[in-house]
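In what follows, a structure is listed as structure tokens, so that the remarks can point back to it.
The values are calculated or read from the model by the stated rules, or taken from the named source; none is laboratory data. As the structure is a computational prediction, the values presented were derived from the model and not from experiment. When we count neighbours, we look across all protein chains shown, and the Cβ atoms used for this are built from the backbone with ideal geometry, even at glycine. Note: areas computed on protein heavy atoms with side chains; ligands, DNA, RNA excluded. Shrake-Rupley method; radii C 1.70, N 1.55, O 1.52, S 1.80 Å.
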Amino acid sequence: MLRHEFHPGKLVAGLFLLTVAVVYAGDAGGAWDAPWFIALPLVMAGLFLAGVAATIHGIRPRGAARAGDRSQGAGESRD
């Protein structure tokens, strides 16, 4: 399995967009009546919180384990 970096901003934005989709799917299915303008505040709040999460994730200090892994691997040659 491929490893990748964790991006909390994308996670938060995706959850808010999924919430908008569920609200409008419930409206289309007749479960409830959602006003047409509800998507704008939800999307804007999601994008704002995604930016906050990405900023906090970006400015946090990196762990000592990551710095140690980079310095050890720099001297080794890979064949």
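When you scan the range 54-71, do you find a residue that is assigned to a loop (DSSP other than H, G, I, E, B), open to solvent by less than 100 Å² (accessible area, probe 1.4 Å), modelled with pLDDT under 90 and closer than 24 Å to residue 12 by Cβ, even just one? Yes, some residue in the range 54-71 is assigned to a loop (DSSP other than H, G, I, E, B), open to solvent by less than 100 Å² (accessible area, probe 1.4 Å), modelled with pLDDT under 90 and closer than 24 Å to residue 12 by Cβ.
Of the candidates 43, 22, the single residue that is open to solvent by less than 60 Å² (accessible area, probe 1.4 Å) and modelled with pLDDT of 90 or more is 43.
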